[in-house]
Amino acid sequence: MAEITNQEKMIILDFGGQYNQLIARRVRECQVYCEIHPYTLPLERIREMNPKGIILTGGPNSVYAADSPVCGKELFELGIPVLGICYGAQLMAHVLGGKVATAPVSEYGRTPVTVDTRGELFRDVNEHSITWMSHTDYIASVPAGFQAAGHTQNCPVAAMADPSRRLYAVQFHPEVVHSEEGFKILKNFVIGICGCTGDWQMDSFVDKTIAALRERIGSGRVLCALSGGVDSSVAAVLLSKAVGEQLTCVFVDHGLLRKDEGDEVEAVFGPGGSYRLNFIRVNAQQHFYEKLAGVTEPEQKRHIIGEEFIRVFEREAKKIGKVDFLAQGTIYPDVIESGLGDSATIKSHHNVGGLPEHVDFREIIEPLRMLFKDEVRKVGLQLGIPERLVCRQPFPGPGLGIRIIGEVTAEKVKIVQEADAIFREELEKAAGEWRESANGTMPPWMPDQYFAALTNMRSVGVMGDGRTYDHAVALRAVQTSDFMTAEAAELPWSLMKHVMNRIINEVKGINRCLVDLSSKPAATIELE
Ligand code: XMP
């Protein structure tokens, strides 16, 4: 399941740019399968993979610096079309004999560009449009065989092309939404120039994957850690369709789930639900609270939750006995290896279902390993998993443990669960009303992620005639396209006031309601 073969594909070579996953997502939006690989991928391997086209990403380096990531000119001699983006464009120019230099004027952000619309890359593209730029070097002269195919006020070669060798380059980033014609340009390359037919469809993925799983698993037994999140749910249902009774799913309730979530997961996947998963629920709430008692440091909390999750899962697995395969809901963003190695760890993210050490299994199965989140959702809907489960907002593995600042206790979990349920209920109600009055369109303020968190602040209040000294809850709602950056959603004030009133009146232990308006960066989405 590690590789998808017999599928028309594109390759993206990663030179350390920040938008690389976005390039892959855009290519897949063209219904074309693509993979991201480090720039060091050997030529031999590329030949074997037989891609329809190659895209070179951007990156933070200068092509003429001694230790910058490079490729040989042989890459451009494979007869495979290549599109260089930003650093990738400069690299193409540099390697093929053009000149790259420090630009007299760096361009950053929205930049008007003029392109030569006679070429294939800019077919049906507006001659003048806004693009997203981020460069301090530029292509000063194009290599032999190339023609400049676009310019900006300060950049004479914003695009270049050698159609006879099917080599193309753009200085701007067509993958980001701020490049108005960007998607059309990428599509022209992928479909028009590389000749992809667009055969990457989720319904055929489901059929092919079920068949492949059956073949690989044979009569073996499979164990799956089910968190109730989108990825592990979709993986479990795929496996259940493939091997039915040979699958056992273990759901560990760590007591850090949202209100009623454990019961909801059980209702869908348990014995009364519509899937044959051999569902086992482990109620380990007390165990987790005991382990977390007195712990306030965020990384330590994350570590304990991740570690204990695996230990509890292991204990259950041992009761089941020997299994042949361990299944995980790993998805593509978790496996992409950066071309330039890992960046700094801000938080040690983990998905529940990390790898146990003492479970007796032969192999790991990751049926969603090559899919992006939106593709996993499509697969989930294809499989008939309820939309409210498939399309729900992300919920971190450590759960409410990282939405309670400081020590986690059963009492605090209850408080944040109640406040969070009210916030989500009211926000979803307001969004539903908006949609009804606006022909089904989403309100512009609809957040991608929204929740209540418990601060470690207590403050004085007055209720009835008495003094209170209670907790403060923080409401967090953000809009984000990739969860790497985020901005606070501008929720209607009337909604916020209503939520505040309900929380303070209905949730015992809270006397203050704060709104977290911070962007990411500098803040992160979760509070810990
Ligand atoms: P941050 O807080 O880093 O979160 O801005 C970015 C996105 O990642 C989610 N998140 C996690 N997801 N395990 C997960 O599966 C984790 O440990 C974890 N920590 C954060 C967060 O909810 C947001 O969507």
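The values are calculated or read from the model by the stated rules, or taken from the named source; none is laboratory data. On a predicted model such as this, the values are computed, not experimentally measured, just so you know. Virtual Cβ from ideal backbone geometry, glycine too; neighbours counted across all protein chains shown.
When both residues are 6+ apart or on different chains and their Cβ atoms are under 7 Å apart, which pairs have a first residue that lies in region 434-447 and is closer than 17 Å to residue 488 by Cα and in the same structural domain as residue 487 (by TED's automatic domain parsing), and a second that is at pLDDT 95 or above and of a type in the set (Lys, Arg)?
Filtered contacts from region 434-447: 442/435.
Checking residue 176 against (1) in contact with a Phe, Trp or Tyr (Cβ under 6 Å, 6 or more places away or on another chain); (2) crowded, with 20+ Cβ neighbours inside 10 Å; (3) not assigned by TED's automatic domain parsing to the domain that holds residue 248: exactly one of these is not met. Which one?
(2)
Given the criteria of a type in the set (Asp, Glu), modelled with pLDDT of 95 or more, over 25 Å from residue 446 (Cα atoms) and out of contact with any strand residue (DSSP E or B) (no Cβ under 8 Å at 6 or more places or on another chain), does residue 411 qualify?
Judged against the criteria, residue 411 is a match.
For region 426-470: of the residues being among the aromatic types (Phe, Trp, Tyr) and within 16 Å of the ligand (Cβ to nearest atom), which is farthest from the chain's Cα centre (by Cα)?
Going through region 426-470, the residues among the aromatic types (Phe, Trp, Tyr) turn out to be 434, 445, 450-451, 469.
So of that shortlist, the ones also within 16 Å of the ligand (Cβ to nearest atom) come out as 450-451.
Numbers: 450: 16, 451: 19 Å.
Checked region 426-470; the qualifying residue farthest from the chain's Cα centre (by Cα) is 451.
Is there a residue in region 377-385 that is in a loop (DSSP other than H, G, I, E, B), surrounded by fewer than 19 Cβ atoms within 10 Å (Cβ to Cβ) and within 16 Å of the ligand (Cβ to nearest atom)?
Looking for residues that are in a loop (DSSP other than H, G, I, E, B), surrounded by fewer than 19 Cβ atoms within 10 Å (Cβ to Cβ) and within 16 Å of the ligand (Cβ to nearest atom), one finds none in region 377-385, hence no.
Would you confirm whether any residue within region 488-509 is outside the structural domain of residue 257 (by TED's automatic domain parsing) and within 11 Å of the ligand (Cβ to nearest atom)?
Restricting attention to region 488-509, the residues satisfying the condition of being outside the structural domain of residue 257 (by TED's automatic domain parsing) are 488-509.
Checking which are within 11 Å of the ligand (Cβ to nearest atom) leaves us with none.
No; the residues of region 488-509 include none that is outside the structural domain of residue 257 (by TED's automatic domain parsing) and within 11 Å of the ligand (Cβ to nearest atom).
Does residue 330 fit the bill of being within 16 Å of the ligand (Cβ to nearest atom) and at pLDDT 80 or above?
For residue 330, the condition - within 16 Å of the ligand (Cβ to nearest atom) and at pLDDT 80 or above - is met.
If residue 347 meets every condition in (1) of a type in the set (Lys, Arg); (2) in a loop (DSSP other than H, G, I, E, B); (3) surrounded by fewer than 17 Cβ atoms within 10 Å (Cβ to Cβ); (4) modelled with pLDDT of 80 or more apart from one, which number is that one?
Exception for residue 347: condition (4).
Out of all the residues in region 28-39, is one or more in contact with a strand residue (DSSP E or B) (Cβ under 9 Å, 6 or more places away or on another chain), over 25 Å from residue 242 (Cα atoms) and among the hydroxyl-bearing types (Ser, Thr, Tyr)?
Yes, region 28-39 has at least one match.
Scan region 113-125 and tell me whether some residue there is assigned by TED's automatic domain parsing to the domain that holds residue 77 and closer than 18 Å to residue 91 by Cβ.
Step one: list which residues in region 113-125 are assigned by TED's automatic domain parsing to the domain that holds residue 77, which gives 113-125.
Applying the additional criterion that residues be closer than 18 Å to residue 91 by Cβ yields 121.
Yes, region 113-125 has at least one match.
How about region 396-421: which of its residues are more than 22 Å from residue 230 (Cβ to Cβ) and more than 16 Å from the ligand (Cβ to nearest atom)?
Those that are more than 22 Å from residue 230 (Cβ to Cβ) and more than 16 Å from the ligand (Cβ to nearest atom): 406, 407, 409, 410, 411, 412, 413, 414, 415, 418, 419.
Of all the residues that make up region 366-376, how many are among the acidic types (Asp, Glu) and within 16 Å of the ligand (Cβ to nearest atom)? Lay out the reasoning, then the answer.
In the first step, residues of region 366-376 are kept if they are among the acidic types (Asp, Glu); the result is 366, 374-375.
Subset that is within 16 Å of the ligand (Cβ to nearest atom): 366, 374.
Final tally of qualifying residues: 2.
Which ones in region 389-433 are of a type in the set (Lys, Arg) and within 21 Å of residue 489 (Cα to Cα)?
Those that are of a type in the set (Lys, Arg) and within 21 Å of residue 489 (Cα to Cα): 392, 403, 424, 429.
In region 114-142, what residues are within 19 Å of residue 102 (Cβ to Cβ) and either within 32 Å of the chain's Cα centre (by Cα) or assigned to a loop (DSSP other than H, G, I, E, B) (or both)? It would help to see each step written out before you state the result.
Step one: filter region 114-142 for residues within 19 Å of residue 102 (Cβ to Cβ), giving 133-142.
Matches in region 114-142: 133, 134, 135, 136, 137, 138, 142.
Can you tell which of 227, 240, 233 is not assigned by TED's automatic domain parsing to the domain that holds residue 409 and not in a helix (DSSP H, G or I)? Talk me through it step by step, then tell me what you get.
Working: 240 fails: not in a helix (DSSP H, G or I); 233 fails: not in a helix (DSSP H, G or I).
On inspection, the qualifying residue turns out to be 227.
Report yes if residue 503 is surrounded by 15 or more Cβ atoms within 10 Å (Cβ to Cβ), closer than 16 Å to residue 427 by Cα and touching a residue at least 24 places away in the same chain (Cβ under 8 Å), otherwise no. Steps first, please.
Numbers: surrounded by 15 or more Cβ atoms within 10 Å (Cβ to Cβ): yes; closer than 16 Å to residue 427 by Cα: yes; touching a residue at least 24 places away in the same chain (Cβ under 8 Å): yes.
Yes; evaluated as a whole, the condition is true for this residue.
Could you tell me which numbered condition residue 396 fails, if it satisfies all but one of (1) within 25 Å of residue 372 (Cβ to Cβ); (2) at pLDDT 95 or above; (3) out of contact with any Ser or Thr (no Cβ under 8 Å at 6 or more places or on another chain)?
(2)
From (1) touching a Phe, Trp or Tyr at 6+ places or on another chain (Cβ under 6 Å); (2) surrounded by fewer than 18 Cβ atoms within 10 Å (Cβ to Cβ); (3) among the β-branched types (Val, Ile, Thr), pick out the condition that doesn't hold for residue 130.
For residue 130, the exception is condition (1).
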